[in-house]
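Since the structure comes first, as structure tokens, the remarks are kept for the end.
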Amino acid sequence: MQAAEFVRSYFDAWNHHDPVEVADHLAANGIYRDVPENAQRSHDELITNLYSFFQQFRHRYELLGDVLSNGDTVAFQYRMIPSGRECRDHQMYQGAEFITLQDDAALLIIDYYEAASEPQQSIIANRRNGNGGVKYAKSGLADEQMRAYKYALTQLMRDDRIYLRPGLTLPRLAEAVGCSVNHLSQVINSGFGVSFFDFINRHRVEHAKAMLDDLDDHDAVLNIAFTVGFNSNSAFYAAFK
């Protein structure tokens, strides 16, 4: 498969918001590496992650500039634009991906991205200079602020159970904590060592487990996913698994 054709199919999958279609661009032993989240996912792990992601975000993905290729390596820049009702709540992001192809599938996908509102140079150029993986170098979040935001976030999870809100997004959670989206992302990623979706879903699953322990009526199981904040049973099953 030609590089341009692969990238076109890849973008279509993201814009269809189809986790399986996106993950099927990986080879059987392929890896998707999310650099800002410091996460590495196999085909099945990527599907599970994207089920949760697409429940919360319905961005439109657009190619920026040309697709660059050299042998089996493909690189391109893109932007994620919030659409519909999300426009007011979600930021636009820009990023770059570096893909190593094996036949017609990706052996490795490396994804870099950051909020488009932040000053930035070409991400591909930064990657070539060895600076592509530093997401928070200029965030200005001091240790004292980190501790304060972590405490506020923990309080919201434990006392207010804010994770039970089905429409909870990163910008809305940042507003509740009283910090910027970028700072909250840093608090969750660096302070708790997980992504936003894994952080929220972990609390939802723990709440669901407690509810399951108290169940008397088997039919009520179907209602638990929505009670703990998931928008669909499929997203709940994927996170619970």
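With every protein chain left in place and a probe of 1.4 Å, what is the accessible surface of H17, to the nearest 10 Å²?
It works out to around 40 Å².
Which whole-number value in Å² is the accessible area per residue of the range 1-107, probe 1.4 Å?
Accessible area per residue, the range 1-107: 50 Å².
What spacing in nm lies between the two simple spin-label points modelled at Q102 and D159, each 7 Å away from Cα in the Cβ direction?
5.1
Obtain the nm distance between the two label points defined at M92 and D214 by a simple spin-label model: each point lies 7 Å from its Cα along the Cα-to-C-beta direction.
4.6
Using amide H atoms built in the peptide plane, which far-off residues or other-chain residues are under 5 Å from I31 H to H?
Long-range HN contacts for I31: L108, I109.
Mind giving me the nanometre distance, one decimal, between the label points for Q40 and E5, set 7 Å out from Cα along Cα→Cβ?
For Q40 paired with E5, the spin-label model returns 3.1 nm.
The values are calculated or read from the model by the stated rules, or taken from the named source; none is laboratory data. The shown structure was predicted, so the numbers you read here are calculated from the model rather than taken from an experiment. Positions of Cβ are backbone-derived with ideal geometry, glycine not excepted, and every protein chain shown enters the neighbour counts. Accessible surface is based on the protein model in full, side chains and every heavy atom, while ligands, DNA and RNA are left aside. Shrake-Rupley method; radii C 1.70, N 1.55, O 1.52, S 1.80 Å.
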